[in-house]
There are 2 protein chains.
Amino acid sequence: MDTLPRPGLRERKKQRTRDALARAALELFTDKGYERTTVDEITEAVDVSQRTFFRYFAGKEEAAFAVLEMTEAHFLDLVRERPPHESPLEALRRAVLENWDTLNETVESVIPVELHMRTFQLIESTPALLAVHLRRTAELEEKLARLIAEREGLDVDADPRPRVAVAVFSGVMRVTGRLWSTGGDLSVEAIRTLTTAYLDQVGPALTKDWNIQGKRGKGPA
Amino acid sequence: MDTLPRPGLRERKKQRTRDALARAALELFTDKGYERTTVDEITEAVDVSQRTFFRYFAGKEEAAFAVLEMTEAHFLDLVRERPPHESPLEALRRAVLENWDTLNETVESVIPVELHMRTFQLIESTPALLAVHLRRTAELEEKLARLIAEREGLDVDADPRPRVAVAVFSGVMRVTGRLWSTGGDLSVEAIRTLTTAYLDQVGPALTKDWNIQGKRGKGPA
DNA sequence: CGTCAAGTGTCAGTGACTGTCGTTAGCCTC
DNA sequence: GAGGCTAACGACAGTCACTGACACTTGACG
């Protein structure tokens, strides 16, 4: 909201190059696999030198997360905008759902949503990318914890609850993300449903006795 | 419990080489940093060829987790041994604590415990290693979820609770691990205390209103 | 012993990444 | 609108992680 005046030709060119590299990378990655794609192939597709690629991205991995990063920033904004009367978990829950609903607007300037969804799958199924994804998520968690703490007027380092709440929330999101990416339905609807269903299970999962109703599992799907 | 008879000279030699490589790697990593040590330096310290290193470890990273892997296997055993009347979270909690208490016996055959503790720190403070660590943890979580499900006679894929419970537990463990590694006290006592304290906060962190007692945080440490 | 296979070393090659340096091209000033 | 400044780029050389191929050494075992 401060550099609107006009970025100047130089900046615009840079942005275009960066977007083109990210898009080309994502297309190649999702098409022939992450490991089987070389940086040279990406740069050839955009017609820049390899050196330029590494000026925009610290590594091959980073190109895979360029778009995801945009959605994460948006998510943080959504959390910030949540009314203060909501409990932390409630605020987080609504923010994620809202984030899914606005995915299109967040992403379409760089790549089609469909490609972004496939990127998700790619990350979950590529060990090297999954590792980086989890580390990035951990960093996001720290930011979230500080946000929640601020929201509740607490000191993150004095009160464990913000970090614990965020950890619980993120843990569940991880599970749903994984299940979604390996399941058949890659629609936004599918992950919305999974998200709410699993978040609803946090309470039950923490009770002492899981067998209140229907001992011996293998129940209906 | 089945290959006790005597591993044979060949096997023993292999084990020695592998341990020596792991130990040398850990010493070098913790000493001069992960990125600043080359595979050649490790192999020179053990006096084997680089090729041999890669026959024992899929990559440089894997050498950093060789010992940690032993403790994880031990942890799984401990969970399996927990009496069935304990709730899932209770069983997990007791198993971790027990694991810390028996760390010495688990690890000392390869490296001194002190080096293992420094390895923990190293992993937390090295982005590349942290990423891999988190991925490995995710794999462990899946195993844990199946274990818990079995324990409770449930189907992991039908009932979300095993995975959710494990996710909650792991999330909290992550937080404590991180705080411990960045804090000053690297003793086993310290992480034990942190662990119990944070696990006790899961309940409170999920309640609607965090301000039951003492509005506006900044409470005592 | 002699044979067989597992374990190892050597070498050549690929791909990710980095430092350096000369060149190009927006930008800004007069 | 010519010229100087500097950000961005391309070209090149070098390091390091990792892999495949092949020849050699050495436990294992009849």
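The values are calculated or read from the model by the stated rules, or taken from the named source; none is laboratory data. Nothing here was measured: the structure is a model prediction, and the numbers come from that model. Because the Cβ atoms are built from the backbone with ideal geometry, glycine has one as well, and the counts that use them run over all protein chains shown. Heavy atoms of the whole protein, side chains included, go into the accessibility calculation; ligands, DNA and RNA do not. Shrake-Rupley method; radii C 1.70, N 1.55, O 1.52, S 1.80 Å.
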* Structure fact -> Whole-number value, in Å³ per residue, for the convex hull of the alpha carbons of segment B:8-59 is 65 Å³
* To do: Choose one of A:Leu144, A:Pro127, A:Gly177: the residue whose Cα lies farthest towards the positive end of the charge dipole of segment A:65-204 (beta-carbon charges +1 Lys, Arg; -1 Asp, Glu; about the Cα centre).
  => A:Pro127
* Asked: Counting Lys +1, Arg +1, Asp -1, Glu -1, what net charge surrounds B:Val156 among other residues with beta carbon under 9 Å of its beta carbon?
  -> -3
* **A:Ala128-B:Lys208 pseudo-label distance in nm [points 7 Å out on the Cα-to-Cβ vector]** => 5.0 nm
* Can you give the net charge of the other residues whose Cβ lies under 14 Å from the Cβ of B:Ser87, counting K and R as +1 and D and E as -1? -> +2
* If the convex hull is drawn through the Cα atoms of the protein assembly as shown, its volume per residue in Å³ -> 183 Å³
* Asked: Which listed residue (B:Phe54, B:Leu26, B:Thr37) has the Cα farthest towards the positive end of the charge dipole for segment B:8-59, taking +1 on Lys and Arg C-beta and -1 on Asp and Glu C-beta about the Cα centre?
  -> B:Phe54
* Structure fact -> Averaged over all viewing directions, the convex hull of the alpha carbons in segment B:65-203 casts a projected area in nm² of 8.2 nm²
* Asked: Ignoring ligands, DNA and RNA, what accessible area per residue does segment A:9-61 give at 1.4 Å, in Å²?
  -> 64 Å²
* Structure fact -> Checking A:Ala197, A:Ala66, A:Ala167 against a Gaussian network model of chain A (alpha-carbon springs below 10 Å), the top fluctuating residue turns out to be A:Ala197
* How many nm separate the modelled label positions at A:Arg16 and A:Thr102, each set 7 Å beyond the Cα in the direction of the Cβ? -> 2.9 nm
* **Accessible area of the protein assembly as shown belonging to carbon and sulfur atoms, whole % at 1.4 Å probe** => 50 percent
* Structure fact -> Rounded to the nearest 10 degrees, the helix A:88-101 long axis (Cα) sits at an angle to the longest Cα principal axis of chain A of 40 degrees
* Structure fact -> Computed, not fitted: 222 nm per-residue ellipticity of chain B from DSSP H runs ≥ 4 (each -39500 (n - 2.57)), nearest 500, equal to -22500 deg cm²/dmol
* To do: Take the alpha-carbon positions of segment A:1-98, form their convex hull, and give its projected area averaged over all directions (one quarter of the hull surface) in nm².
  => 8.6 nm²
* Starting from the Cα of B:Phe54, step 7 Å toward the Cβ, then list every residue of segment A:32-46 with an amide N under 19 Å from that point. => A:35-39
